[in-house]
Amino acid sequence: MMEKRRDQELADRFLKFATLVVRLCGQLPKTNAGNHVSEQLIGSGTSPGANYEEARGAQSLPDFIHKLSIALKELKESRYWLKVILEVPLLNSENVNPLLNECEELIAIIGKSIFTARRSRDAQ
């Protein structure tokens, strides 16, 4: 029961992350750079949650690891685009930093989950 609740809490965090990414992208300037970053970040920022949902329904441990690995890759890409927004800067850091912090936390959680799943796979 506890595992199921944590699983749902993580799913909820991914959904919130995706919605915050979409809202943040709506604040980006309507310039060539702003539009490009927006398109890239919307793609990478909404994908991890979808891949996490797929992982929740994985048909095997290798499938689970694969789906989580895609989520991790997309989170790392999102982190990159959030850093671009800060470096240019396209938005104020107070608008971006909370989302960047959540991205870092999700990267740590999914990275650890992949490590644990691989260790479990290798022990079989």
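The values are calculated or read from the model by the stated rules, or taken from the named source; none is laboratory data. It should be emphasised that the depicted structure is a prediction, and the values quoted were computed from it without experimental measurement. Note: ideal-geometry Cβ built from the backbone for every residue, glycine included; neighbour counts use all protein chains shown.
Things to note:
- Verdict on R56 being more than 15 Å from F14 (Cα to Cα), of a type in the set (K, R) and more than 10 Å from the chain's Cα centre (by Cα): no
- Test: residue in segment 7-27 that is more than 30 Å from F64 (Cβ to Cβ) and surrounded by 13 or more Cβ atoms within 10 Å (Cβ to Cβ): yes
- Of A33, A108, A123, A50, all but one fail to be at pLDDT below 95, on the phi < 0 side of the Ramachandran plot and surrounded by fewer than 20 Cβ atoms within 10 Å (Cβ to Cβ); the exception is A123.
- No other residue among L99, L90 is assigned to a helix (DSSP H, G or I), hydrophobic (A, V, I, L, M, F, W, C), touching a Ser or Thr at 6+ places or on another chain (Cβ under 9 Å) and at pLDDT 95 or above apart from L99.
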